[in-house]
1. Using a ≥ b ≥ c from the Cα gyration tensor of the range 500-584 (square roots of the eigenvalues), is it rounded, prolate or oblate, where a/c under 1.5 gives rounded and otherwise the larger of a/b and b/c decides, a/b for prolate?
2. How would the range 137-190 be classified by its alpha-carbon gyration tensor: rounded, prolate or oblate, with rounded meaning a/c under 1.5 and the a/b versus b/c comparison settling the rest?
3. Computing the accessible area with a 1.4 Å probe over protein heavy atoms, can you report the carbon and sulfur percentage for the chain?
4. Compute the distance in nm between two label points, each set 7 Å from the Cα along the Cα-to-Cβ direction, one at Leu582 and one at Arg186.
5. What is the extension gain from His176 to Lys101, computed as 0.36 nm multiplied by their sequence separation minus the C-alpha to C-alpha distance, in nm to one decimal?
6. Give the ranking of Tyr225, Tyr521 by solvent-accessible surface, highest area first, calculated with a 1.4 Å probe.
7. For percent of Cα pairs over 38 Å apart, several values are listed as [x] 36; [y] 46; [z] 50; flag the one computed from this structure.
8. Can you pull the one-decimal nm distance between simple spin-label points at Ser111 and Arg328, each 7 Å off the Cα toward Cβ?
Amino acid sequence: MTNIGPSRKIICFGEFEADLQAGCLFKHGEKIRLRHQLSTVLAMLLERAGEVVPREDIQKRLWPGDIFVDFEINLNTLIARLREVLGDSAESPRYIETLPKRGYRFLAPASEIAASESLPGRRIRLVVLPLSNAGWDPAEEFFGDEMTEEIITALCQAAPDHLAVIARTTALQYRHSDKDVAAVGRELEVEYVVEGGLRRSDGHVAITVQLIRAADQAHVFAKKYEGARRDLCGLTPRIAEDIATHIPSLSGLPRAKPAGKKPSEDEAAYELFLQGRNSMRKMRPPDFAKAKQCLEEAIARDPQFALAYDTLGEMYWWTAFYGFLPPRQACFVGLGNILRAIEIDPSLGETHAMLGQFRQKIDYNWPEVRKEMILALDLAPSSPLVRMRYAVSDLLPHGQLEEAVTQVETGLEFDPLSWMLMAWCSTFLWLGRDHDRAVQTARRCEALDPEGYMPQFILANAYRDSGKFEEGIVYQRRAVERSGGAPQMLGWLGLCLARGGQAAEARGLLQRLEAISAKAYVPPTSFAWIHAGLGEFDEVLKWIERAIEDRDSFVIPIKTYPCLDPLRSDPRFLALVRKMNLEP
């Protein structure tokens, strides 16, 4: 096929459809946003499918004569990245063939259809905006947010093959927003918006919802749902089914049956669960304590409450990750709750992904990690959380950073305003030595989480490892301040200071961490990073070994940390990598 040209066409090949003007790729209806350069390379190959596209032609299109880059490295990286997106292989190509010293050829048959045609598998995109607080204590605003999530979850289950629902994290960014539906539709690239409100009194609850077409802000459907508070669990599946029924393109299509079992039959247990989940997500020690209390009370009232066990298990995972509790201790308790949740309900995809995370942390059991992640992706393929957990717990430890970026970017299609997904994406880019992209992505993360410390931490890493030590120190000091002086952040500050020539202050931080460790848990990697900055690699090895024994979360990317590069060929370091059951 030749001369496809730049007109607004959909180009189909294999299991993919490409809208090159929009810079989007669809696989079985799942949208994959392509960065400009990847979209340009794919367009050039498709425009001349079956023909050789010379490397020089690609160079002229991507990097005009007045732009200087290392062309060979950058083009090789782009082709490798495009192959990853397509699931292709350089050794046995289905789509992109390399002709050494000449260029590339697109191998698969490609055909055009008009963009207006309905593509099989293409899913309608929808967002549920936060339910407004209609007449109760503002301190209970969380309840509206939690019910918004319940409707999102029910919609995801109502028509999973035909409806793509924007995730909670992004939806909640529009709480109290004055943007109209059309603006929300453009920003999130959704066809429909659901908005409404919730009011509850002593024994009564009322939820109003409106389904609005984003393009012209036409109201497609509106209804008020009322019932006793004990019936709250049953309202959200009804709401989801009614919404799906009134989307014209879904009318008459087969849909999944609503879940037959409520999360809990106990009204008080359900509300305790919602309160505990909301507290857990604030990621602070006092809120973790409140979450633990609420969730344990919910489980005491309803021992078959799978989602309460799931959330309690996740809470313990985060306490281990942040070092609020010794990781080994927190993980064993968390694992028990996750196993109980799966015993009650084996269909919970995100819970299987959490089980994979615990298998990683507790015993470095990578086959079990992969097994749980595959199952999770099968059960919940559209879940951004599953994509993130897969990237962090399966791909990152093995150094598969490009694929990790791909997974997180896929998650961002459904949760584009998630600061956590953005933070992990920028982390993978930093570890992959792509400092410019890491900084750009961390800036986007900072805009979403302006008071958080993770964006500052990632900016510090990217600047430090690109040789900009002063900038790295500035950002890492901010990370320390915003984290409340967390030992993890103090260790990274010591690395920045030592690399920037301020060894005396770095050694002072070692003493400070020793003093903290007499009263509270300090991750061993915090000591390791400072010794790495000081060039004291015998000490680094000692602390890394302790981190492996402690299940310190920050030891997981051992294969990719730039500060450990001087140790890569040291037999003692290789032995530590093998101790984590990783290939050196």
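The values are calculated or read from the model by the stated rules, or taken from the named source; none is laboratory data. Being a predicted model, the structure only gives us computed values, none of them experimental. Heads up, the Cβs are rebuilt from the backbone with ideal geometry, glycines too, and the neighbour counts pull from every protein chain shown. These accessible areas exclude ligands, DNA and RNA; they are computed on the full protein's heavy atoms, side chains included. Shrake-Rupley method; radii C 1.70, N 1.55, O 1.52, S 1.80 Å.
1. Taking the square roots of the gyration eigenvalues as a ≥ b ≥ c, the range 500-584 is oblate.
2. oblate
3. Result for the chain: 51 percent of the exposed heavy-atom area is carbon or sulfur.
4. With each label placed 7 Å out from Cα toward Cβ, I get 4.5 nm.
5. 21.3 nm
6. These residues rank, largest area first, as Tyr521, Tyr225.
7. [x]
8. So the label points at Ser111 and Arg328 sit 6.1 nm apart.
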